[in-house]
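Following: one structure in structure tokens, then a few remarks.
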Amino acid sequence: RALLDQRASMPAGEFAQKLEALAASDTVAAELLGEGLMFGGLGLPVDHARACQWFERGAGKRGDATHNLALCFEQGNGRPKDLARSRVLYAQAADLGWVQAKCALGNLLIGGRGGPVDAARGVALCREAAEAGNANAQADYGAFLIEGKIVPKDMVEARRWLTAAAEQKQANAAFLVAQIHWYGDGTPKDASIA
């Protein structure tokens with residue numbers, strides 16, 4: 001925290017050097033450094049391979065690091081694409097309490113990516129994460145309800161889940177809620193709300 005608070009007053013490059021030194025012995029700093037390298041935050045250049053190396057330091061100990069390492073293998077960014085390994089890591093991250101990992105695993109199960117299809121378990125995992133308040137899971141579960149392929153179609157419930165996600169600034173959910181209001185799916189048409 002102290003390092004983050006001092007970042008603005010440091011010369012260019014000093015923050016990254018200090019964060020890397022701290023990350024060598026601290027899994028919180030390693031996760032932060034990994035996220036900066038994976039997503040380009042904190043003024044760090046994107047470097048997927050290095051990001052995944054930092055996530056590996058916290059994998060199995062921290063849910064966020066384990067989830068992000070799973071993402072490395074799922075997307076093939078910084079690690080070879082390995083969906084079976086990604087499934088295992090998402091399950092570990094969920095066991096470590098990282099709620100978002102439940103729906104990430106759920107989506108792999110639903111699509112049969114990295115192993116056999118288990119749509120019922122996948123939907124259940126996404127719903128659990130949605131009920132826990134995870135915006136991405138709420139958006140995914142709402143989309144399942146719109147599609148009506150793996151759960152019965154229910155536009156009213158879809159709108160409820162998508163609105164909850166949109167209120168947390170989940171962009172895809174906001175777009176879908178706007179479409180629901182624009183077309184009047186399960187609610188009166190309302191262009192101003194859309």
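From G13, G40, G63, G36, grab the single residue that is free of Cβ contacts under 8 Å to residues at least 12 places away in the same chain and under 17 Å from the mean Cα position of the chain (by Cα). After ruling out the rest, the residue left standing is G40. Which residues, counting only those in segment 154-194, are at positive phi and open to solvent by less than 30 Å² (accessible area, probe 1.4 Å)? Across segment 154-194, the qualifying residue is only G184. If the condition is being closer than 17 Å to G186 by Cα, hydrophobic (A, V, I, L, M, F, W, C) and either under 11 Å from the mean Cα position of the chain (by Cα) or open to solvent by 30 Å² or more (accessible area, probe 1.4 Å) (or both), then segment 140-150 contributes only I146. For segment 169-180, the criterion of a residue being under 20 Å from A65 (Cβ atoms), assigned to a helix (DSSP H, G or I), free of Cβ contacts under 8 Å to residues at least 24 places away in the same chain and of a type in the set (V, I, T) is satisfied by no position. Residues that are at pLDDT 95 or above, farther than 30 Å from P11 by Cβ and not in a loop (DSSP other than H, G, I, E, B) are absent from segment 45-60 altogether. Here are some residues: D82, D95, D118. Which one is under 17 Å from the mean Cα position of the chain (by Cα), open to solvent by 50 Å² or more (accessible area, probe 1.4 Å), farther than 27 Å from A2 by Cβ and not aromatic (F, W, Y)? Unique residue meeting the criteria: D95.
If you filter segment 68-79 down to residues that are of a type outside the set (D, E) and touching a residue at least 24 places away in the same chain (Cβ under 8 Å), you find that the one that is surrounded by the fewest Cβ atoms within 10 Å (Cβ to Cβ) is N77. Residue selection: V151 satisfies the criterion of being within 21 Å of N107 (Cβ to Cβ), in contact (Cβ under 8 Å) with a residue 12 or more places away in the chain and outside any helix (DSSP H, G or I). Tallying residues that are within 24 Å of Q75 (Cβ to Cβ) and in a loop (DSSP other than H, G, I, E, B) within segment 1-44 yields 5.
Let's see how each residue does on (1) of a type outside the set (A, V, I, L, M); (2) over 25 Å from G97 (Cα atoms):
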| site | (1), (2) |
| --- | --- |
| A8 | no, yes |
| K18 | yes, yes |
| S25 | yes, no |
| A30 | no, no |
| G34 | yes, no |
| R57 | yes, no |
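The values are calculated or read from the model by the stated rules, or taken from the named source; none is laboratory data. Owing to the predicted nature of the structure, the values given are computational and were not obtained by experimental measurement. Heads up, the Cβs are rebuilt from the backbone with ideal geometry, glycines too, and the neighbour counts pull from every protein chain shown. What goes into the accessible areas is simple: the full protein's heavy atoms, side chains included, and nothing from ligands, DNA or RNA. Shrake-Rupley method; radii C 1.70, N 1.55, O 1.52, S 1.80 Å.
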